[in-house]
1. Residue by residue through segment 1-30, note down the ones that are touching a Phe, Trp or Tyr at 6+ places or on another chain (Cβ under 8 Å) and either open to solvent by 30 Å² or more (accessible area, probe 1.4 Å) or over 14 Å from MET183 (Cα atoms) (or both).
2. Find the residue count for segment 49-74, including only residues that are surrounded by 21 or more Cβ atoms within 10 Å (Cβ to Cβ) and either aliphatic (A, V, I, L, M) or in contact (Cβ under 8 Å) with a residue 60 or more places away in the chain (or both).
3. For PHE99, indicate whether it is modelled with pLDDT of 95 or more, open to solvent by 80 Å² or more (accessible area, probe 1.4 Å) and of a type in the set (Phe, Trp, Tyr).
4. Among the residues that make up segment 13-20, is at least one of them at pLDDT below 95, among the small types (Gly, Ala, Ser) and not in a helix (DSSP H, G or I)?
5. Filter segment 114-129 down to the residues that are touching a strand residue (DSSP E or B) at 6+ places or on another chain (Cβ under 8 Å) and over 20 Å from TRP59 (Cβ atoms) and list them by number.
6. Of ARG184, ARG199, ARG194, which residue is out of contact with any strand residue (DSSP E or B) (no Cβ under 9 Å at 6 or more places or on another chain), in a helix (DSSP H, G or I) and either of a type outside the set (Gly, Ala, Ser) or modelled with pLDDT of 95 or more (or both)?
7. Identify, from the list ALA132, ALA146, ALA111, the residue that is surrounded by 22 or more Cβ atoms within 10 Å (Cβ to Cβ) and touching a strand residue (DSSP E or B) at 6+ places or on another chain (Cβ under 7 Å).
8. Do the conditions hold for GLY36, that is, is it open to solvent by less than 60 Å² (accessible area, probe 1.4 Å), outside any loop (DSSP other than H, G, I, E, B) and within 19 Å of ALA163 (Cβ to Cβ)?
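The values are calculated or read from the model by the stated rules, or taken from the named source; none is laboratory data. Computed from a predicted model, the values in this text were never measured in an experiment. Reconstructed Cβ throughout: ideal geometry from the backbone, glycine too, with neighbour counts over all protein chains shown. Note: accessible area is taken over every heavy atom of the protein model, side chains too, but ligands, DNA and RNA are not part of it. Shrake-Rupley method; radii C 1.70, N 1.55, O 1.52, S 1.80 Å.
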Amino acid sequence: MAVAFAAGSLCFVLGPFPGYLALVGPVADAVTFFVGSLLFTAGGALQVWLAAPRWGADWWSAIVQSAGTIFFNISTFLALQTAVSDPSYDRLVWRPDAFGSTCFLISGLIAYRASARHGLLPARGADGWWQAGINLAGCVLFGIAAIAGYVVPTTGTMLDLAAANWTTAAGAACFLACAVASMRAGAGRAASGRRPAARPAPGGHPR
């Protein structure tokens with residue numbers, strides 16, 4: 001699960017950078033986002049399986065996030081063949097992207113609400129105490145990216161392409177940090193013979 005989320009996060013960190021786009025071209029850049037969304041779907045499915053025995057907040061967070069990954073699969077796939085200037089771009093690409101962002105934000109809120117906290121702030125001390133907060137921050141950043149990625153019909157351009165790109169990359173970096181921490185924690189549990197536990201997992205966001 002953590003490996004899939006880490007690899008997917010890396011795709012979303014790389015994809016928004018203009019230097020990466022210039023290096024690989026627009027088609028390969030779009031493929032990078034699509035592959036990343038598939039990796040997140042795989043990670044989300046594994047997270048649902050790991051959380052299933054508890055049927056609590058972990059499971060609800062995972063199932064809502066998994067629904068979001070499917071919306072991202074749709075949006076990133078259609079982005080491969082739909083230009084931003086296409087009049088149907090908002091309906092085909094942005095709308096499922098917005099639905100996916102909403103799912104991830106709800107998922108992040110559920111996970112953060114269920115995490116150990118002192119009031120609104122996370123309770124320090126336990127392993128991974130910071131992950132739910134960083135995951136939620138990534139979800140908020142992706143929500144901002146979805147708003148900035150809306151294509152204004154009168155101009156055929158995104159509302160704020162630069163904001164969409166940097167918030168996508170920043171959010172993906174949050175998810176990457178959580179995924180790497182989960183990988184390390186999972187390796188420690190495996191070495192001690194304990195079964196991996198489901199953690200608030202990072203989500204992805206196509207841009």
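1. Hits for segment 1-30 are CYS11, PHE12, LEU14, GLY15, PRO16, ASP29.
2. Matching residues across segment 49-74 total 9.
3. yes
4. Checked against the condition, which is being at pLDDT below 95, among the small types (Gly, Ala, Ser) and not in a helix (DSSP H, G or I), segment 13-20 yields no hits at all.
5. Correct list: ALA123, TRP129.
6. On inspection, the qualifying residue turns out to be ARG184.
7. Result of the check over ALA132, ALA146, ALA111: ALA132.
8. Considered against the rule, which asks whether it is open to solvent by less than 60 Å² (accessible area, probe 1.4 Å), outside any loop (DSSP other than H, G, I, E, B) and within 19 Å of ALA163 (Cβ to Cβ), GLY36 comes out as no.
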